[in-house]
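S.K.: Quick one: the structure is below, and I'll ask about it shortly.
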Amino acid sequence: MLTISSGNIRINVRDDGPKDGRTLVFANSLGTDMRVFDALLPLLPQGLRLVRFDKRGHGLSDAPPHPYAMEDLVGDAENVCAALGLSDITFVGLSIGGLIGQGLAARRPDLVKALVLMDTAAKIGTPEMWQTRIETALGPGIGPMADVVLQRWFTGDFRENSPEFPAWRNMLVRTPAEGYAGCCAAISGADYTETTRALSLPVLALVGDQDGSTPPDLVRRTAELCNGEFHVIAGAGHLPCVEQPAETARLIADFLKRTG
């Protein structure tokens with residue numbers, strides 16, 4: 001187990017693969033931890049260095065009191081990269097992880113050389129929506145809103161037929177309330193429209209065709225901001241790396257070939 005200091009908190013990190021391989025850094029979505037990429041990673045090309053971290057408030061990372069700013073989360077990612085001595089990374093961000101990736105690419109163009117934006121956007125939702133989520137998480141808890149969230153995350157077929165589905169519900173409802181609320185506040189305050197429009201690095205944008213959190217048209221508009229490639233993954237909701245890992249891996253592998 002590896003933890004890295006980021007200011008006054010500790011971030012849980014996993015670093016797999018050869019240290020001299022092309023480096024991919026993964027950032028997870030709201031209400032999940034780094035295990036959201038477990039099915040995807042074995043399907044990627046051999047020889048890659050695969051770095052994952054639990055963003056603050058999630059998984060085994062510290063969960064300081066809310067609210068968080070997106071700059072805090074971007075800073076955590078930057079500190080992980082610095083502690084591991086990473087360079088020329090391809091950043092793969094899912095949902096809020098994609099916001100982190102956009103922020104890091106804008107702040108550190110010397111560090112991020114390519115960007116995979118998965119089921120995300122330059123701006124997600126409204127402050128009113130996120131405030132409702134914050135109040136629920138800190139009041140009744142995540143449990144009462146879990147079923148609605150999971151309907152956005154997964155297709156009906158996965159919810160009804162996958163033996164893994166209960167574990168994903170458990171992951172969501174066991175997320176620390178302070179961490180969930182803190183990241184909701186960070187998303188609420190984030191608008192990377194102009195900085196993402198200014199990006200000049202290669203970008204691949206992916207989205208599940210049944211994503212109820214960041215629908216395909218929203219992701220497509222973000223790809224268009226930065227002249228990125230855009231692909232819709234059939235048979236997937238908000239987490240295509242879980243529901244359709246083979247197709248997600250194929251698209252990322254093709255992107256890696258074209259970008260270096």
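Quick note: the coordinates plus some simple rules give every number you see, no bench work behind them. All of these numbers come straight from a predicted model, not from anything done at the bench. So basically every Cβ, Gly included, is an ideal-geometry build from the backbone, and we count neighbours across all protein chains shown.
S.K.: In this structure, does His231 turn out to be surrounded by fewer than 24 Cβ atoms within 10 Å (Cβ to Cβ) and within 18 Å of the chain's Cα centre (by Cα)? Write out each step before concluding.
M.R.: Numbers: surrounded by fewer than 24 Cβ atoms within 10 Å (Cβ to Cβ): yes; within 18 Å of the chain's Cα centre (by Cα): yes.
Judged against the criteria, His231 is a match.
S.K.: Going by the conditions given, is Leu60 over 23 Å from Leu201 (Cα atoms), surrounded by fewer than 22 Cβ atoms within 10 Å (Cβ to Cβ) and within 17 Å of the chain's Cα centre (by Cα)? Show your work before the answer.
M.R.: Numbers: over 23 Å from Leu201 (Cα atoms): yes; surrounded by fewer than 22 Cβ atoms within 10 Å (Cβ to Cβ): yes; within 17 Å of the chain's Cα centre (by Cα): yes.
Judged against the criteria, Leu60 is a match.
S.K.: May I pose another question? I'm checking my understanding of the structure. Among residues of segment 174-227 that are part of a loop (DSSP other than H, G, I, E, B) and among the hydroxyl-bearing types (Ser, Thr, Tyr), which one is surrounded by the fewest Cβ atoms within 10 Å (Cβ to Cβ)?
M.R.: Filtering segment 174-227 down to residues part of a loop (DSSP other than H, G, I, E, B) leaves 174-176, 189-192, 198-202, 209-215, 226-227.
Right, trim to among the hydroxyl-bearing types (Ser, Thr, Tyr) and you get 175, 192, 200, 213-214.
Values: Thr175: 22, Tyr192: 25, Ser200: 9, Ser213: 22, Thr214: 24.
Here the residue is Ser200.
S.K.: Of all residues being farther than 16 Å from Val74 by Cα and among the charged types (D, E, K, R) in segment 114-135, which is surrounded by the fewest Cβ atoms within 10 Å (Cβ to Cβ)? Just the residue, please.
M.R.: Glu128
S.K.: Are there strands (runs of 3 or more DSSP E) fully within segment 4-72 with at least 2 residues that are touching a residue at least 60 places away in the same chain (Cβ under 8 Å) and under 22 Å from Arg108 (Cβ atoms)? List them. Write out each step before concluding.
M.R.: Working: elements: 9-16, 23-27, 49-53.
Per the criteria, 9-16, 23-27.
S.K.: Go through (1) surrounded by fewer than 18 Cβ atoms within 10 Å (Cβ to Cβ); (2) touching a helix residue (DSSP H, G or I) at 6+ places or on another chain (Cβ under 6 Å); (3) in contact (Cβ under 8 Å) with a residue 60 or more places away in the chain; (4) not charged (D, E, K, R) and name the single condition His238 misses.
M.R.: Checking His238 against (1) surrounded by fewer than 18 Cβ atoms within 10 Å (Cβ to Cβ); (2) touching a helix residue (DSSP H, G or I) at 6+ places or on another chain (Cβ under 6 Å); (3) in contact (Cβ under 8 Å) with a residue 60 or more places away in the chain; (4) not charged (D, E, K, R), the one that fails is (1).
S.K.: What residue, among those in segment 73-108 that are part of a helix (DSSP H, G or I) and free of Cβ contacts under 8 Å to residues at least 40 places away in the same chain, is farthest from Ser5 (Cα to Cα)? Walk me through it before giving the result.
M.R.: First pass over segment 73-108, keeping only residues part of a helix (DSSP H, G or I): 73-84, 96-107.
Filter again for free of Cβ contacts under 8 Å to residues at least 40 places away in the same chain, leaving 74, 78, 82, 104, 107.
Numbers: Val74: 14, Glu78: 11, Ala82: 10, Leu104: 18, Arg107: 20 Å.
Per the criteria, the residue is Arg107.
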